[in-house]
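Novice: My questions all concern the structure below.
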Amino acid sequence: MKISTLVIEDNENNMYLTTFLLENSGHQVHQAYDGTDGVKMAKELLPDLILLDIQLPKMNGYDVAKSLRQDPALATTPIVAITSYAMPGDREKALDSGCNGYIKKPINPDTFLAEIESYLTMVKH
Amino acid sequence: MIKYRDLSIKLKLISIQLFTTLFILVFFVGIYLYSQYRQFETVAFNRMSTLSEILGSNSISALLFFDNDAAEDVLKSLKTQPDILNAAVYDHDGLIFATYSLPSAKGFSFNNPVHEGRAVTNSHFVLTERIVFDNLKVGWIALRLDTKNRKAALVEALWQSFLLFIAGLILAALLSVRAQKPISDAILSLSEIAKRVRDSGDYALRLKATSQDELGLLVDTFNDMLEKIWHHEKHLEELVSERTLELEEAKTRAEESDHLKSAFLASMSHELRTPLNSIIGFTGILLQGMAGPLTDEQKKQLGMVKGSASHLLELINDVLDISKIEAGRIDIHGEAFMVDLLVVMAVSSLRPFAEKKGLVFNHTIEPNLPPLHSDKRRLEQVLLNLLNNAIKFTSEGSVQVNCYRRDDSLVIDVIDTGIGINEKDISTIFETFRQIDTGLDRVKEGSGLGLAISKKLSELLGGTLNVKSKPGDGSTFSVVLPLNLESETNED
């Protein structure tokens with residue numbers, strides 16, 4: 001069965017890139033282009049994995065993560081922040097708001113899938 | 001012994017008045033006593049003179065009729081005068097005619113013949129006067145007076161003076177206590193106000209002048225002085241609050257600009273990484289052949305794109321790092337870790353790069369090093385940076401890494417056989433945006449920030465980064481970090 005992954009990302013090129021990589025490794029990818037849309041889709045689809053950009057229109061990634069964690073159905077779903085923020089404290093802020101992991105942009109296509117896989121297995125156990 | 005000049009003004013004033021009064025009293029009492037002494041003599045002789053006049057005229061008939069007995073009877077009337085000891089009447093020729101003596105003074109005899117006049121001895125007065133009848137001298141009369149009453153009179157006068165003296169002094173004391181009060185009160189209130197001003201720093205306090213004299217003038221002057229100080233103080237306060245306000249504004253502006261700088265950094269970092277994500281991502285996908293097979297030429301060109309993009313990312317990271325360090329916005333996360341593992345990982349990750357250039361790349365690690373308590377990621381960043389530089393600037397020979405313990409410090413040496421550094425350049429290589437102009441090979445890839453970042457990171461980790469080098473002989477960079485053995489044992 002295909003892994004269902006929700007990607008919340010506002011930059012079209014980057015959305016295309018992530019989707020391409022995930023679909024290539026057999027994920028079923030759902031796309032949300034802003035924060036509120038992301039929350040709505042996550043609650044409807046209950047995906048296996050959520051990849052979350054932080055700087056998003058309408059609702060930022062931290063708030064998205066917090067609101068998703070309040071839904072019991074999404075309480076244990078792995079959420080990985082994928083962000084260009086690289087200032088001190090950004091990583092902690094992402095983890096504090098409920099993300100399981102943090103991948104800094106630019107992503108490395110050679111290792112990206114392996115990293116995603118590690119979060120999936122880590123949360124499963 | 002209390003000195004006069006240390007007495008209070010009040011006591012000084014009182015004592016001045018008392019001593020003046022005392023002096024005056026002593027002077028006048030002396031005069032009084034002396035006059036009393038003199039007056040006794042005058043009064044005594046006046047009395048004797050009156051007596052001799054009465055007795056003389058009573059004796060005239062006795063003298064004219066040569067009746068001695070009648071003259072003695074006249075003299076006997078002196079019994080009523082207890083201080084007249086002896087008396088005598090002389091006849092016309094100056095010979096004793098009749099005598100009188102108190103029983104206690106029987107042994108005395110007057111001069112014979114007569115000596116007219118007054119005689120004063122220690123204990124007696126003697127008065128001898130003519131007896132005159134119809135302008136003719138008919139005889140003399142002499143009286144002798146005991147002066148013992150004089151002492152009693154003097155003693156009495158002394159007592160009176162003493163009482164007057166005491167009364168005078170008491171009166172003077174009372175008066176002086178009252179008289180000094182306005183003066184000492186004025187001075188006391190002046191000093192009281194001065195003390196309150198000193199203690200409270202309240203220069204708005206004022207003293208009320210109670211007199212028009214020099215003290216009143218002093219109070220007015222004192223008030224004027226307070227007024228001036230008060231104005232000065234107020235001016236100073238205004239000045240200080242003005243400056244404080246300016247400083248606060250400047251501080252707020254500085255904080256704002258610092259905040260803006262940080263926000264700018266964060267946003268630049270984000271904005272630059274977003275497009276790089278696509279560039280590096282898609283280049284990777286294309287090179288992996290995930291989007292279809294590539295020709296060799298395409299692969300070569302895409303490899304260049306990937307290299308340039310990676311370099312660009314490195315530059316962005318360096319600029320961001322140095323900005324974060326300079327803005328004091330870098331976090332250090334201390335943890336205990338095995339440094340030998342870190343060195344091995346760093347060396348093996350760069351080994352392909354060194355071997356591609358044909359360099360000998362070795363490392364030695366002292367066995368049984370204690371765990372290092374530091375920020376692993378930052379130290380790794382420093383080490384990778386030094387290794388990258390060493391490989392980059394060495395075209396033949398070797399790059400050697402030695403990791404060992406020296407006293408309470410851990411040392412990591414990175415030794416290369418590269419181009420080396422001129423003495424004049426050594427002091428500037430750790431400055432930001434410096435890359436040594438080698439003349440031949442103008443720009444090696446890199447931002448020129450690597451060494452500055454590495455040095456600052458080493459210092460943030462509590463250590464140092466030093467270099468020894470000779471042009472042509474290569475360079476040795478040494479990271480020295482404290483081992484913190486004490487805190488390590490505490491944690492165990």
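Novice: Taking only the range B:375-399 into account, find how many residues are without any contact (Cβ under 8 Å) to a residue 40 or more places away in the chain and more than 58 Å from the chain's Cα centre (by Cα).
Specialist: Adding up the residues that qualify gives 4.
Novice: Tally the residues that are among the charged types (D, E, K, R) and facing chain A (nearest Cβ under 10 Å), restricting the search to the range B:272-305.
Specialist: Of the residues in that region, 1 qualify.
Novice: Can you pull out the residues in the range B:1-17 that are within 15 Å of B:Leu174 (Cβ to Cβ) and small (Gly, Ala, Ser)?
Specialist: Residue satisfying the conditions is B:Ser15 alone.
Novice: Where residues in the range A:98-120 are touching a helix residue (DSSP H, G or I) at 6+ places or on another chain (Cβ under 9 Å) and more than 17 Å from B:Arg273 (Cβ to Cβ), which of them is farthest from the other protein chains (Cβ to nearest Cβ)?
Specialist: Of everything passing the filter in the range A:98-120, A:Gly98 is farthest from the other protein chains (Cβ to nearest Cβ).
Novice: So, in the range B:292-316, of the ones that are touching a Ser or Thr at 6+ places or on another chain (Cβ under 9 Å) and without any contact (Cβ under 8 Å) to a residue 24 or more places away in the chain, which residue ends up surrounded by the fewest Cβ atoms within 10 Å (Cβ to Cβ)?
Specialist: B:Gly303
Novice: List pairs: first residue in the range B:440-457 and farther than 22 Å from B:Leu379 by Cβ and among the β-branched types (Val, Ile, Thr), second residue surrounded by fewer than 21 Cβ atoms within 10 Å (Cβ to Cβ) and at pLDDT 80 or above anywhere in the structure, Cβ distance under 8 angstrom, at least six positions apart or on different chains.
Specialist: Partner pairs satisfying both residue conditions: none exist.
Novice: May I pose another question? Please state which one of A:Ile54, A:Ile50, A:Ile103 is touching a strand residue (DSSP E or B) at 6+ places or on another chain (Cβ under 8 Å) and part of a loop (DSSP other than H, G, I, E, B).
Specialist: Answer to the check: A:Ile54.
Novice: Just checking, does the range B:43-50 include any residue being in the same structural domain as B:Phe97 (by TED's automatic domain parsing) and more than 30 Å from B:Ala153 (Cβ to Cβ)?
Specialist: no
Condition check ((1) assigned to a helix (DSSP H, G or I); (2) in contact with a Leu (Cβ under 8 Å, 6 or more places away or on another chain)) across all residues:
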| residue | (1), (2) |
| --- | --- |
| B:Ala152 | yes, no |
| B:Lys181 | yes, no |
| B:Ala186 | yes, yes |
| B:Ala194 | yes, no |
| B:Asp202 | no, no |
| B:Leu205 | no, yes |
| B:Ser211 | no, no |
| B:Glu227 | yes, no |
| B:His232 | yes, no |
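Novice: On the given criteria, is B:Ala291 in the same structural domain as B:Val414 (by TED's automatic domain parsing) and either touching a helix residue (DSSP H, G or I) at 6+ places or on another chain (Cβ under 8 Å) or on the phi > 0 side of the Ramachandran plot (or both)?
Specialist: no
Novice: If you don't mind, there's one more thing I want to ask. Of everything in the range A:51-72, what is in contact with a Gly (Cβ under 8 Å, 6 or more places away or on another chain) and closer than 12 Å to A:Thr5 by Cβ? Give them in sequence order.
Specialist: Once the filter is applied, which keeps residues that are in contact with a Gly (Cβ under 8 Å, 6 or more places away or on another chain) and closer than 12 Å to A:Thr5 by Cβ, the range A:51-72 yields only A:Leu52.
Novice: Can B:Leu383 be described as touching a helix residue (DSSP H, G or I) at 6+ places or on another chain (Cβ under 6 Å), modelled with pLDDT of 90 or more and not in a strand (DSSP E or B)?
Specialist: Yes.
Novice: Only one of B:Ala152, B:Ala172, B:Ala194 is surrounded by 11 or more Cβ atoms within 10 Å (Cβ to Cβ), free of Cβ contacts under 8 Å to residues at least 40 places away in the same chain and either farther than 30 Å from B:Gln39 by Cβ or of a type in the set (Gly, Ala, Ser) (or both); which?
Specialist: Sole residue among the options that is surrounded by 11 or more Cβ atoms within 10 Å (Cβ to Cβ), free of Cβ contacts under 8 Å to residues at least 40 places away in the same chain and either farther than 30 Å from B:Gln39 by Cβ or of a type in the set (Gly, Ala, Ser) (or both): B:Ala194.
Novice: Listed residues B:Leu7, B:Leu22, B:Leu33, B:Leu18; which is aliphatic (A, V, I, L, M) and at pLDDT below 85? Steps first, answer last, please.
Specialist: Working: B:Leu22 fails: at pLDDT below 85; B:Leu33 fails: at pLDDT below 85; B:Leu18 fails: at pLDDT below 85.
The match here is B:Leu7.
Novice: Can you pull out every residue in the range B:339-356 that is surrounded by fewer than 14 Cβ atoms within 10 Å (Cβ to Cβ) and more than 14 Å from chain A (Cβ to nearest Cβ)?
Specialist: Matches in the range B:339-356: B:Leu341, B:Met345, B:Ser348, B:Pro352, B:Glu355, B:Lys356.
Novice: Right, here's the next one. Of the residues that make up the range B:319-332, is at least one among the hydroxyl-bearing types (Ser, Thr, Tyr), within 25 Å of B:Leu460 (Cα to Cα) and within 14 Å of another protein chain (Cβ to nearest Cβ)?
Specialist: As a first pass, look at the range B:319-332 and keep what is among the hydroxyl-bearing types (Ser, Thr, Tyr): B:323.
Subsequent filtering for residues that are within 25 Å of B:Leu460 (Cα to Cα) retains B:323.
Next cut, within 14 Å of another protein chain (Cβ to nearest Cβ) only: B:323.
Yes, because at least one residue in the range B:319-332 is among the hydroxyl-bearing types (Ser, Thr, Tyr), within 25 Å of B:Leu460 (Cα to Cα) and within 14 Å of another protein chain (Cβ to nearest Cβ).
Novice: Among the residues that make up the range A:67-89, is at least one of them in contact with an Asp or Glu (Cβ under 6 Å, 6 or more places away or on another chain), within 11 Å of another protein chain (Cβ to nearest Cβ) and modelled with pLDDT of 90 or more?
Specialist: No: zero hits.
Novice: Give the residue that is surrounded by the fewest Cβ atoms within 10 Å (Cβ to Cβ), with candidates limited to residues of the range B:104-135 that are of a type in the set (Gly, Ala, Ser) and in a strand (DSSP E or B).
Specialist: Filtering first and then ranking leaves B:Gly117.
Novice: Check A:Ala32 against each of (1) touching a helix residue (DSSP H, G or I) at 6+ places or on another chain (Cβ under 8 Å); (2) at pLDDT 90 or above; (3) over 21 Å from B:His270 (Cα atoms) and name the one condition it does not meet.
Specialist: Exception for A:Ala32: condition (3).
Novice: Could I ask something else about it? Conditions first: (1) buried (at least 17 other Cβ atoms within 10 Å of the Cβ); (2) away from chain B (no Cβ under 14 Å). A:Asn11 passes all but one, so which condition is the exception?
Specialist: (2) is the only condition that A:Asn11 fails.
Yes or no, residue by residue, for (1) hydroxyl-bearing (Ser, Thr, Tyr); (2) surrounded by fewer than 16 Cβ atoms within 10 Å (Cβ to Cβ); (3) more than 10 Å from chain B (Cβ to nearest Cβ):
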{"position": "A:Ile3", "(1), (2), (3)": "no, no, yes"}
{"position": "A:Leu17", "(1), (2), (3)": "no, no, no"}
{"position": "A:Gly26", "(1), (2), (3)": "no, yes, yes"}
{"position": "A:Ala32", "(1), (2), (3)": "no, no, yes"}
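For every residue, the table says whether it meets (1) surrounded by fewer than 24 Cβ atoms within 10 Å (Cβ to Cβ); (2) among the β-branched types (Val, Ile, Thr).
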position: A:Glu44; (1), (2): yes, no
position: A:Gln55; (1), (2): yes, no
position: A:Met59; (1), (2): yes, no
position: A:Asp63; (1), (2): yes, no
position: A:Leu68; (1), (2): no, no
position: A:Val80; (1), (2): yes, yes
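Novice: Tell me whether the range B:114-123 contains one or more residues that are under 30 Å from B:Val29 (Cα atoms) and either outside the structural domain of B:Gly30 (by TED's automatic domain parsing) or at pLDDT 90 or above (or both).
Specialist: Checked the range B:114-123: no residue is under 30 Å from B:Val29 (Cα atoms) and either outside the structural domain of B:Gly30 (by TED's automatic domain parsing) or at pLDDT 90 or above (or both).
Novice: Does B:Ala254 count as in a helix (DSSP H, G or I), aliphatic (A, V, I, L, M), at pLDDT below 90 and within 28 Å of A:Asp53 (Cβ to Cβ)?
Specialist: no
Novice: Still on this structure, I have one more. Return a yes/no flag: does the range A:37-52 have any residue that is of a type in the set (Gly, Ala, Ser), more than 25 Å from B:His311 (Cβ to Cβ), within 13 Å of chain B (Cβ to nearest Cβ) and without any contact (Cβ under 8 Å) to a residue 40 or more places away in the chain.
Specialist: Of the residues in the range A:37-52, the ones of a type in the set (Gly, Ala, Ser) are A:38, A:42.
Keeping just the survivors that are more than 25 Å from B:His311 (Cβ to Cβ) gives A:38, A:42.
Keeping just the survivors that are within 13 Å of chain B (Cβ to nearest Cβ) gives none.
Checking the range A:37-52: not a single residue is of a type in the set (Gly, Ala, Ser), more than 25 Å from B:His311 (Cβ to Cβ), within 13 Å of chain B (Cβ to nearest Cβ) and without any contact (Cβ under 8 Å) to a residue 40 or more places away in the chain.
The values are calculated or read from the model by the stated rules, or taken from the named source; none is laboratory data. Model, not experiment: these values are computed from the prediction. Methodologically, a virtual Cβ is constructed for each residue, glycine included, from the backbone with ideal geometry; neighbour enumeration extends over all protein chains shown.
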